[in-house]
Amino acid sequence: MNGCSIIICTQSRSALLKTCLNSFITQNQVFDNIEYIVVDNQSTDDTKELTLSFQHKLKNLIYIFEEKIGLSHARNKGVKSAKYDWVCFMDDDALAHSDFNEVMMETIKNNLFDGFGGMFFPWYRSPKPKWLSPTFGQMPMLRNDLGPLPNNQHVAGGICAFNKQKLIKAGAFPPDIGMRGNVVGYGEENYLQDKMRANGDIIGFVPNWKMDHLVAEYKYTLKWQLKRFIGKGRDKQLSSGKKIPVLQKIFLSLRAIAVLFFYTFKLLPKLLFNKKYYLQNFILDVLNYPSILYGKLTV
């Protein structure tokens, strides 16, 4: 059917889900051919009750349950339940801008892409630490105008839409990489886009399709930031489908140690003499590349 199914996957975050759903109630334009699918990925709070309470406020809202833990499992369940020929994925901790649906449906109508993504900007519940960059939580502008992306660029998973049949043809989302319960993971969206491109599909970017994405307090910690680096390295290696030979693992381990020492001595003067360069920045800059390599080596 001609239209779009907006899929919102969630797990025990009903307060955030409520804010997300409210952002769709205040859209500039109402479309009869949009449905909203909330996929509950084993929530232990009142997610089901909260979702059902919105059914009289938000037209075409559906609740479904996915027992297998993992964002890819939840997304794929949403795709199977979607009745329209396009599917959109949005995070449960995001706020759609008031023209979100309008821009999305116009892009689909123009039929320029087989998949596309937009921009997200940060929003905060509490003041962020000074050491975090002012632009932390904001995705980079992939291009300034509407158009296709080169193969080395990917749209963000938190605000993206795909032709449903072409997504299915590409194999949908891989369940063994990406966010899986308490595992901080990445790369499932990139993997899907690479598969679609291998099929000849076009992935585009729509700079005026926008949402705000929560920078949660747990992301304020060094521990989470380092887990993010490790997760990116691990899932990039997993998505390649290749095993690293033993000799190469030894080489990469030595390289990680060398990079660590190099950046320690290179950035130490900046730490000592730049008041706006904090210890946390120093630690993350020194451990960034070694942590990514470590993630690769865990595969």
What is the distance, in nm, between label points placed 7 Å from the Cα along the Cα-to-Cβ direction at ILE202 and at ASP85?
1.7
Mind scanning LYS128/LYS270; LYS59/LYS210; LYS77/LYS169; LYS68/LYS195; LYS130/LYS275 and naming the pairs with a C-alpha gap bigger than 18 Å?
LYS128/LYS270; LYS59/LYS210; LYS68/LYS195
Cut-off is 10 Å between beta-carbons; in what order do PHE261, PHE205 appear when sorted fewest neighbours first?
PHE261, PHE205
In a Debye calculation with equal point scatterers on the alpha-carbon sites of region 165-273 and no solvent, what is log10 I(q)/I(0) at q = 0.12, 0.15, 0.16, 0.23 Å⁻¹?
-0.68, -0.97, -1.04, -1.26
Give me the Debye-computed log₁₀ of I(q)/I(0) at q = 0.13, 0.21 Å⁻¹ for region 221-297, equal point scatterers on Cα only, no solvent, two decimals.
-0.44, -0.92
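Of all the Cα-Cα pairs you can form in region 198-252, what percent are over 18 Å apart?
Details: 974 of 1485 pairs.
Here the tail beyond 18 Å accounts for 66 percent of pairs.
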Alpha-carbon Debye profile of the chain, log10 I(q)/I(0) at 0.10 Å⁻¹
-0.59
Given only helices, namely DSSP H runs of n ≥ 4 each adding -39500 (n - 2.57), what is the per-residue ellipticity at 222 nm of the chain, to the nearest 500 deg cm²/dmol?
-13500 deg cm²/dmol
In degrees, nearest 10, range 0 to 90: what is the angle between the Cα axis of helix 14-25 and the longest Cα principal axis of the chain?
50
List the residues whose amide H sits under 5 Å from the amide H of PHE65, counting only those 5 or more places along or on another chain, with H placed 1.01 Å from N in the peptide plane.
ASP40
Amide H contacts under 5 Å for TRP123, placed H, 5+ residues apart:
HIS213, LEU214, VAL215
With a bin width of 5 angstrom, please list the P(r) values of region 1-121 as percents of all Cα-Cα pairs, from the 0 bin to the one holding the largest distance.
2, 12, 23, 26, 21, 12, 4, 1, 0
Can you list the aspartates and glutamates whose alpha carbon sits under 12 Å from that of LYS236, skipping same-chain ones fewer than 8 residues off?
ASP176, GLU188, GLU189
The chain: angle of helix 71-81 to the longest principal axis, Cα-based, in degrees nearest 10
20
Distance between Cα centroids, region 254-287 to region 113-168: provide it in whole Å.
28
Could you state the angle between the C-alpha long axis of helix 100-110 and the longest principal axis of the C-alpha atoms of the chain, as a value from 0 to 90 degrees rounded to the nearest 10?
80
Rg to Rh, two decimals, where region 49-175 supplies the alpha carbon set and Rh follows Kirkwood:
0.97
Length gained, LEU260-SER12, 0.36 nm per residue minus C-alpha separation, equals 85.5 nm
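Each reported figure results from applying straightforward, stated rules to the coordinates on display, with no laboratory input. Just so it is clear, the model here is predicted, and its values are computed rather than measured. Every residue, glycine among them, receives a Cβ derived from its backbone with ideal geometry; neighbour counts consider all protein chains shown.
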